Each structure stands twice: as structure tokens, then as C-alpha cells.
1. Leaving out ligands, DNA and RNA, what percent of the accessible area of the chain is carbon and sulfur, probe 1.4 Å?
2. Any idea what the dipole of region 206-320 comes to, in debye rounded to 20, about its Cα centre with Lys/Arg Cβ at +1 and Asp/Glu Cβ at -1?
3. Per residue, how much space in cubic angstrom lies within the convex hull of the C-alpha atoms of the chain?
4. Among the listed pairs K94/K284; K286/K312; K34/K94; K284/K312; K94/K210, which have their C-alpha atoms separated by more than 28 angstrom in this model?
5. Need one number for region 201-267: average projected area of the convex hull over its C-alpha atoms, nm².
6. If you take all C-alpha pairs in region 118-275, what percent of them are over 24 Å apart?
7. Could you state how much accessible area E33 has, in square angstrom rounded to the nearest 10, with a 1.4 Å probe and all protein chains kept in place?
8. For the chain, what is the accessible area per residue in Å², given a 1.4 Å probe and the full set of protein chains?
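The values are calculated or read from the model by the stated rules, or taken from the named source; none is laboratory data. Remember, it's a predicted structure, so these values are computed and weren't measured experimentally. Every residue, glycine as well, gets a Cβ built from its backbone with ideal geometry; the counts of neighbours run over all protein chains shown. Accessible surface is based on the protein model in full, side chains and every heavy atom, while ligands, DNA and RNA are left aside. Shrake-Rupley method; radii C 1.70, N 1.55, O 1.52, S 1.80 Å.
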Amino acid sequence: MMVSPRRKTTKVKQMEPQNRTTASEIILLGLSEKPEHEAVLFSLFLCMYLITVVGNLLIILAISFDSHLHTPMYFFLANLSLVDFSLATDTVPKMLVNIQTRNKSISYHCCLTQMYFFHFFGIIDSVLIAVMAYDRFVAICHPLHYSTIMSPRLCGLLVGVPWVYSCFISLTHILLIARLVFCGKNELPHYFCDLTPLLRLSCTDTTVNKIFVLIVAGMVIATPFVCILASYARIIMAIMKVPSAGGRKKAFSTCSSHLSVVALLYGTTIGVYLCPSSVRTAVKEKASAVMYTAVTPMLNPFIYSLRNRDLKGALRKIIN
């Protein structure tokens, strides 16, 4: 029996709304889809999260209660610890709950909320590390003018502007995502709601989103990374002029530990947000995300405090 073209078109139009719907929930597939891995992952990430929380909160308390640490360097470090704590709290606890309850779903609105705070704290984290590198550059290369250059007003701007800027950028990401339509099973091969995997679930055009991601990544990842490299290049040149071999060795040791965190953070974020999609896989994206959402926030308290005598003294007072 022949079907008229008009009836066929009507039938397609009736089916279209069923296939093109706004998702009510997202299924987070997690780091591994094998149940036997979940117990190990739960224990590992729980330990990492507890270390992150304790380490960063201790640094915030130590800097807050010790008046000797009320300087620009420690002011930036306290803000970095707050951001690292918040970034880990936005992603890791939800993953632990999903593993424990064996329920991998998250509502669409909660997914957007998690994504907003992930980008909000992630952008601040990236910019703050660059600010701290600039602070060390001024302290080492221009020590006589340090207090004049790093005035309270400038320090307030260097911290306040990233918070405001990040709020605007993150909100723009969410508004651009909210206009998309999602199709299929809405299964996200990730352990939290990240932007790039979510864009692949959309059955509408995401060109605007992808262009905005590249622009923002260039501003908040590539630009701070170049500034950090330039600052540490000048710092290393200044260290080379130190006459004492012991002083040079100590300074190089401190710089190498800081640069290792920089390489870990920016290397993974550049790979996720700036590399072509053809070279990215779900496994690589999840491994990179673990580095900048769990490993880096856990390591930062140790990197920035273990070689700092004043901060270690303040931490001992807090613990005692």
C-alpha cells in the first residue's frame, strides 16, 4: 500500500519531538564501568579527598590566625587553598556517592550546577597560580620595590578580578549549554559533568559552544601558562646570579616543585580544552580530569608549604 508524501511528512514531524527532547537526567558512567574496580576507586578517592580537605583547610587556618603570614604571598596561597578545596568538593563527593549507592544518575539542573562551579573554581585556580608566579617574580627580581608594587590594592584586584571574571565566563557557558537539545540515552563517559563530553551528547549544532570554549581556554589556560613560564624564566636568570651554590640549589629545588604542579595542571587542561577532538579519547579526558580535580588540589598544600619554614611553624601551632 502506497503512503502519500503528506502523510509520511506528518508522521516524521510527529516522531521528531520524541527524539529531540531536553534531558531530565544525565547518567555519569564514572571512571570505570567494571564493578570490581569500584571498591578500589572509592577507597583511593576518599583518601585523596580527605587529604585535600585537611591540607587546604589547615593552610587557610594557619594563614588566618598567624599575623606574621599576612603578606601578599600567603594571601594568594590562602585563596588558592580555598579554591582547591572547593574544586575538589564540587566533583569528588558526587562520584563517591554514585559508587556507594550504585546510582549513576544526576538531574539535568544539578549537572549544570556542578558544571558551573567546576568552571568557576577551575578558572580562578588557573589564574591564581599565574598571580602567585608573578608575586614570586617581583619578590626575587625586584625585592627593593616589592612592598610598593604588591600594594594591598593591587593584591585585592589580582584576587577579586578573577572571581568576578570567572563568574561571568562560567555563567555564559551554562547559558550556551541550556539552549542545546540532547538525544539518545544521555550517558556521559565521565565521573562529573564536564563541558566537552556533554557537548558530544547534543544533537543540535554546538559550533558556538566550541568556539567559546577555545576562546576562553586561550584566555584562562594558555595566557596564564605563558605568563608563568615568562616569570619563572626571569626568576631562574636571577637565581643564576646568586653567588652561593647552596642558595642556588635551594632556590632551584623550590622552583622545580612549583613548576611540576604547573606542568601537571596546565599540561592536562591544555590537552582537554585546546587539543583537537581527533586526538582526545574518553579515557584520556577522564585521566586528565583526575589530575586537575583531585591530584593537583591534594598536592598544592604540600608543594607550597613543605619548604616554607614560616608556614610549617604556623601549622605546628594550629595542630598543637
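1. Reported share for carbon and sulfur atoms: 68 percent.
2. It comes to approximately 500 debye.
3. Output value, Cα hull per residue: 166 Å³.
4. Long pairs (Cα-Cα over 28 Å): K286/K312; K284/K312.
5. Computed as one quarter of the Cα hull surface, the answer is 5.4 nm².
6. When all Cα pairs of region 118-275 are counted, 46 percent exceed 24 Å.
7. The value for E33 is about 130 Å².
8. Numbers: 16740 Å² over 320 residues.
Value for the chain: 52 Å² per residue.
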